[in-house]
1. Looking only at the stretch 2-32, which residues are away from the ligand (no atom under 13 Å from the Cβ), part of a loop (DSSP other than H, G, I, E, B) and either over 17 Å from the mean Cα position of the chain (by Cα) or crowded, with 18+ Cβ neighbours inside 10 Å (or both)?
2. Check off (1) touching a residue at least 40 places away in the same chain (Cβ under 8 Å); (2) assigned to a loop (DSSP other than H, G, I, E, B) for Trp121 and give me the number that stays unchecked.
3. Any residue in the stretch 32-56 that's at negative phi: show its pairings with residues that are near the ligand (Cβ under 8 Å from one of its atoms) and of a type in the set (Val, Ile, Thr) at Cβ separation under 7 Å, as long as the two are six or more apart or on different chains.
4. Could you list, in sequence order, the residues of the stretch 66-104 that are buried (at least 17 other Cβ atoms within 10 Å of the Cβ) and within 16 Å of the ligand (Cβ to nearest atom)?
5. With the condition kept exactly as written, say whether any residue in the stretch 54-65 is away from the ligand (no atom under 16 Å from the Cβ), touching a Pro at 6+ places or on another chain (Cβ under 6 Å) and closer than 28 Å to Leu152 by Cβ.
6. Give the residues of the stretch 85-109 that are in a loop (DSSP other than H, G, I, E, B) and without any contact (Cβ under 8 Å) to a residue 12 or more places away in the chain, sorted by residue number.
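Every number in this text was worked out from the coordinates using simple rules, so none of it is lab data. Remember, it's a predicted structure, so these values are computed and weren't measured experimentally. Cβ placement follows ideal geometry from the backbone for every residue including glycine, while neighbour counts extend to all protein chains displayed.
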Amino acid sequence: MAGDCICASLPDLAHIAMGDSQQRDERFLATVEEVRRAGDDRWWLYLGKCRVCAQDWLVAQEERIYDEHFLERLQPVAAAHILATGKWPDTFISYECVLRVGKSLATPCRFLNSMAASLLWTVEDLRKERPNISAADIGGLLGISEEHATKLIVASGSQVGSR
Ligand SMILES: [Zn+2]
């Protein structure tokens, strides 16, 4: 039926691939509108609301490693709390959290270029949030080997240093 939304068909913690074969990303974004953005340091995060069924969604848009929208269904009181306080739920509060949810739900992209900018930016962000994060942890989050993660750490460190 025209005008229907897909909210009810999604689990409470959901993921929708960008370019989904059933066009679920387009159908989700067709009815869910951005209500509030978290802002610069959490560029992936926003609060959305469906204009058909009024469902509130916490949305993390992850375009580097998973190429997915990660979604958490919110109760109205939780959405109101975000709008009133500017405080966001823990689920996608750091990039590391987003990647942990990603790992639990989806499969990371495979990179033809092992030193791709998306990987380097992600390593930089993870180390900004948690400077002592290990290469093994980074590898696990990105679906790459610890050795590969170590090379990315070295490369991102030298980039930071040369700025
Ligand atoms: Zn809806």
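1. Ala2, Ser21, Gln22, Gln23, listed by residue number.
2. Only one criterion in (1) touching a residue at least 40 places away in the same chain (Cβ under 8 Å); (2) assigned to a loop (DSSP other than H, G, I, E, B) is unmet by Trp121, namely (2).
3. Gly48/Val32; Lys49/Val32; Cys50/Thr31; Cys50/Val32; Arg51/Thr31; Val52/Thr31
4. Across the stretch 66-104, the qualifying residues are His69, Leu71, Glu72, Leu74, Ala79.
5. yes
6. Residues satisfying the conditions are Gly86, Lys87, Asp90.
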